[in-house]
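See structure below.
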Amino acid sequence: MNLIKVQTTINAPISKIWEYWTSEKHVTNWNFAVSDLHCPAATNNLVVGGEFHYNMAAKDNSFSFDFWGTYQKIDIEKNIEIHLGDGRLMKVFFETSGNDTIVTEEFEPEQQNTVEMQQAGWQMILDNFKKYVEQ
């Protein structure tokens, strides 16, 4: 199975990127694709075998769901490997490039939406992360 890949380059040191990616107080500020969605709650047990749970919701309360996963591998400030709640594999890579940090996500596609739609949605969330970190 081919993995879907999204990537961004952020003008910030890798230590800040890691903190903003893994800290519950920061996740709630960036983990959504568009402005009518939000992430009102997040928990993160960043240990192998630990879980994260991010509440993804519409601001008008019309829907919400628990986006979650279990950590399989953690290499601090380098990469994370996760089994998502639905069984799919997700990998996140953090790489220093001069004064910037490249963040790359790779994940197995789900069967409900097209690959293009999934890639676009995940890229929007990653772009929102970049905007939040750089502000």
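Side notes on the structure shown:
- Some residue of segment 14-27 being over 16 Å from Asn128 (Cα atoms), open to solvent by 60 Å² or more (accessible area, probe 1.4 Å) and assigned to a strand (DSSP E or B): no
- For Ser62: the one exception among (1) farther than 15 Å from Ile125 by Cα; (2) open to solvent by less than 60 Å² (accessible area, probe 1.4 Å); (3) among the polar types (S, T, N, Q); (4) free of Cβ contacts under 8 Å to residues at least 24 places away in the same chain: (2)
- Where strands (runs of 3 or more DSSP E) sit wholly within segment 32-135, those with at least 2 residues that are of a type outside the set (Val, Ile, Thr) and touching a Cys at 6+ places or on another chain (Cβ under 8 Å) occupy 51-58.
- Restricting segment 28-42 to residues that are polar (S, T, N, Q) and either touching a residue at least 60 places away in the same chain (Cβ under 8 Å) or closer than 20 Å to Leu89 by Cα (or both), the residue that is least open to solvent (accessible area, probe 1.4 Å): Asn31
- Here Asp60 fulfils each of the conditions (1) over 23 Å from Thr101 (Cβ atoms); (2) within 13 Å of the chain's Cα centre (by Cα) apart from (2).
- Of all the residues in segment 69-82, those that are closer than 20 Å to Thr43 by Cβ and either open to solvent by less than 80 Å² (accessible area, probe 1.4 Å) or modelled with pLDDT under 95 (or both) number 8.
- Residue satisfying condition, being under 21 Å from Glu19 (Cα atoms), open to solvent by less than 50 Å² (accessible area, probe 1.4 Å) and of a type in the set (Val, Ile, Thr), within set Thr104, Thr96: Thr104
The values are calculated or read from the model by the stated rules, or taken from the named source; none is laboratory data. All figures in this text were calculated on a predicted structure; none of them were measured in a lab. Because the Cβ atoms are built from the backbone with ideal geometry, glycine has one as well, and the counts that use them run over all protein chains shown. All accessible areas refer to the heavy atoms of the entire protein, side chains included, with ligands and DNA or RNA removed. Shrake-Rupley method; radii C 1.70, N 1.55, O 1.52, S 1.80 Å.
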